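Working notes for the structure below.
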Amino acid sequence: MSGELIKLRIKAYKDEQFTEEVGDGEFKTLLNPEQYKFNYKIEQNEDQASGTSATSPRFNKALPEDLELEFVFDRTGVIVDYGKPGTADDKTFSDEGNGIIDDIEQFKKVIFDYNGDEHKPNYLIISWGTLLFKGTLSEMDVTFKLFKPDGTPLRAVARAKFKGFVEDDLRVAKENNSSPDLTHIREVKEGDTLPLMAFRIYGDSKYYLEVAKANQITNFRKLSVGQKIFFPPIEKVS
């Protein structure tokens, strides 16, 4: 264990595969956060089923987690290891000029500004210790707290929320095979019937005839163990 102080780092990318870096698109905190917060959500379908008197919530999918972070900017001289705005690397300090304005602008350039001609926010990788988060900014507020006599801000706190992002191919692999809006291929196991398999996928066995049609199965009562069956998205068979 080296004991070296590692700064929280945000790296900006133009593409959702995180392969094309944004020029000068990196920000490192001056002060590491005291805490960070994850928010997790799930979607539920609470539509009332036909012929019933009460709703029965049905799990749809887990949404990407949200991350909340707080960033401190300070040019008062209390903290001396402030170098080039956004880097906190070269242990120099000056309270001349723009105060923290340049620091805030570099921060905004990385996490807030739109991505070139595509007019969308940058894709971000936030890393620090065991934290490794991929996402985009969803909202941010900046509170200015201390000023020079001429009104130039010297201290500010930015609170940011980020929406977790998972690449499409990774998402399909992670969301485990039971969401009715995804295409599924299943292998027939001992005791399986087409109505039973349709019920597992769609929550309703009535779609088995459509599944049989999609797979050109003429005798749905005779399935072979190990047979692969394609289950199309529910909206295409409803």
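The values are calculated or read from the model by the stated rules, or taken from the named source; none is laboratory data. This is a predicted model, so every value here is computed, not measured. Positions of Cβ are generated from backbone atoms using ideal geometry, with glycine treated the same way; all protein chains shown enter the neighbour counts.
Things to note:
- Hits in the range 133-162 (condition: of a type outside the set (Gly, Ala, Ser), buried (at least 16 other Cβ atoms within 10 Å of the Cβ) and in contact (Cβ under 8 Å) with a residue 60 or more places away in the chain): PHE133, LYS134, LEU154, ARG155, LYS161, PHE162
- In this structure, VAL188 qualifies as aliphatic (A, V, I, L, M), modelled with pLDDT under 90 and in contact with a Ser or Thr (Cβ under 8 Å, 6 or more places away or on another chain).
- Selection within the range 190-205 - in a loop (DSSP other than H, G, I, E, B) and either within 15 Å of ILE217 (Cα to Cα) or not assigned by TED's automatic domain parsing to the domain that holds PHE230 (or both): ASP192, THR193
- Condition check for LYS61: modelled with pLDDT under 70, under 29 Å from the mean Cα position of the chain (by Cα) and of a type in the set (Lys, Arg): yes
- Residue in the range 188-226 that is farthest from GLN44 (Cα to Cα), counting only those that are polar (S, T, N, Q) and within 36 Å of the chain's Cα centre (by Cα): ASN215
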